[in-house]
Amino acid sequence: MSFCNYEPTPVEKRDVLIIAYYFPPMGLSGVQRTLKFVKYLPEYGWRPIVLTTGDIPFYAYDETLLKELEDKDIKIYRTPAKNNKKNNKARNFPSRTVQKLGSMLLQTIYQPDSKVKWKGPALKLADQIIKENDIKAVFATAPPFTDFLIAEEIRKKYNLPYVIDYRDAWIDNEFHFYATPFHKLYSIGLERQVLSKASKAFVITRNTKEKIISRYRMLSHEDVMILPHGYDKDDFVKHKSVEPDPKKFVITHSGVFQDSRTPKYFLEAVAKLIKTNKEAREKIQLRFIGVMRKNHIKLIKKYGLKNNTILTGYLN
């Protein structure tokens, strides 16, 4: 069955199982794409049934995201929290060094990623979901790439077609760490298995598609579809009346400086500009929306940009 090309009759809806480790009320950028798929799939004849995590520690939470799904025919199943404890307290964002060392350790021990321990509880819950609903297809989004392995296990057990959605590259991800050649070959084997059985793969960039097609010769260009990030017009309608301050030139960054990404060079350039240009010093306003590392905040002070900068923290 072709999952993505299926055109239902106006009254018909088919149940699709959405496998997403990251899902609201978790915040940050990793949940946005999946949330919007879930929100709009019913308009295309699919009834989303979400399989996700329970209460787990994370860097930001946003209860308002779930409000977008209110009054829609959507079920959300969550695996039990560890030790049945509430863990939905926001964690501090780690320094780059701590994050890098932690990632290297976890990626040495666990394959394809540290969330592989979620596979067992997720498959157990999937059995319950399939018993209670008439699932016709499976949609898995990654990272974590454990989500893809869960979809493949469901296919083998229930003969259900699945599609996979790459929010980031897997093997070619520049921030992935492979302790040995064996680690990388093992991951390549997992990805090959998933791609060979998936009905369709979605990626967000042409570069990712070309690398996948090049590595796995059994794939055709039709097997991998480029589905770039978009936006939801509903998010902007209520802000139509907002008018910018004509006295300010505002530069906004919304998101997280993840992995080796840093605002250092941008801040350094702005500091040089306002040092030599009085008008720029009075008009330029930098606005950082989202979780910021402590060392990045120190850079703002280091370059003398405190009076030109607004730090909002994480916003819903």
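The values are calculated or read from the model by the stated rules, or taken from the named source; none is laboratory data. The model shown is predicted, which means the values in this text are computed figures rather than measured ones. Reconstructed Cβ throughout: ideal geometry from the backbone, glycine too, with neighbour counts over all protein chains shown. Calculation scope for accessible area: heavy atoms of the full protein, side chains included, ligands and nucleic acids excluded. Shrake-Rupley method; radii C 1.70, N 1.55, O 1.52, S 1.80 Å.
General remarks:
- Positive end of the dipole of the chain (Cβ unit charges, origin at the Cα centre): among L299, I289, T312, the Cα lying farthest that way belongs to L299.
- Among the trypsin sites (Lys or Arg not before Pro) in region 188-292, those located in a DSSP loop and surrounded by at most 13 other Cβ atoms within 10 Å of their own Cβ are R217, K233, K238, K240, K247, K248, R261.
- Label-point separation in nm, L311 to E243, each point 7 Å along Cα→Cβ: 3.2
- Across the protein chains, with a 1.4 Å probe defining accessible surface, the residues H183, H296 rank H183, H296 from largest area downward.
- Only Lys, Arg (+1) and Asp, Glu (-1) charged, at Cβ; the chain dipole about Cα centre in debye: 1480
- Label selected from (i) 24.9; (ii) 21.8; (iii) 19.7, the criterion being Kirkwood radius over Cα pairs in Å as computed here: (ii)
- Choice from N133, N277, N207 with maximal GNM fluctuation in the chain (Cα, 10 Å cutoff): N277
- Rounded to 5, the percent of DSSP beta bridges in the chain classed as antiparallel: 5
- Residue separation of S95 and H253 scaled by 0.36 nm, minus their Cα-Cα distance, works out to 55.0 nm of gained length.
- Modelled label positions at D73 and Y265, each set 7 Å beyond Cα in the direction of Cβ, lie 5.1 nm from each other.
- Per residue of the chain, the DSSP helices (runs of n ≥ 4 H) give a summed -39500 (n - 2.57) that works out to -10500 deg cm²/dmol at 222 nm.
- C-alpha center-to-center spacing [region 185-228, region 124-166] in angstrom: 18
- Accessible surface for M225 stands near 70 Å², nearest 10, in the context of the full protein assembly shown (1.4 Å probe).
- Each peptide in 66-77, 43-54 gets a packing score, the mean of other Cβ atoms within 10 Å over its residues, and the list from highest to lowest is 43-54, 66-77.
- A Förster distance of 51 Å, applied to the separation of the beta-carbon atoms of K278 and E43, puts the FRET efficiency at 0.45.
- Just checking the listed ones, L273, L195, L106: in the Gaussian network model of the chain with Cα springs under 10 Å, the one fluctuating most is L273.
- Between the listed residues N159, I76, L66, the Cα displaced farthest toward the positive end of the dipole of the chain, a dipole computed from Cβ unit charges relative to the Cα centre, is found at L66.
- Region 212-257 - charge dipole about Cα centre, Lys and Arg +1 at Cβ, Asp and Glu -1, debye rounded to 20: 180
- Spin-label pair Y231/I109, simplified geometry with 7 Å Cα→Cβ offset, distance in nm: 4.2
- For region 141-249, the list of chymotrypsin sites (Phe, Trp or Tyr not before Pro) that fall in a loop by DSSP and count at most 15 other C-beta atoms within 10 angstrom reads F175, F177, Y231.
- Sum of side-chain charges, R215 neighbourhood, beta-carbon under 13 Å (Lys, Arg +1; Asp, Glu -1): +1
- Most fluctuating residue given options P244, P25, P112, as computed from a GNM of the chain linking Cα atoms under 10 Å: P244
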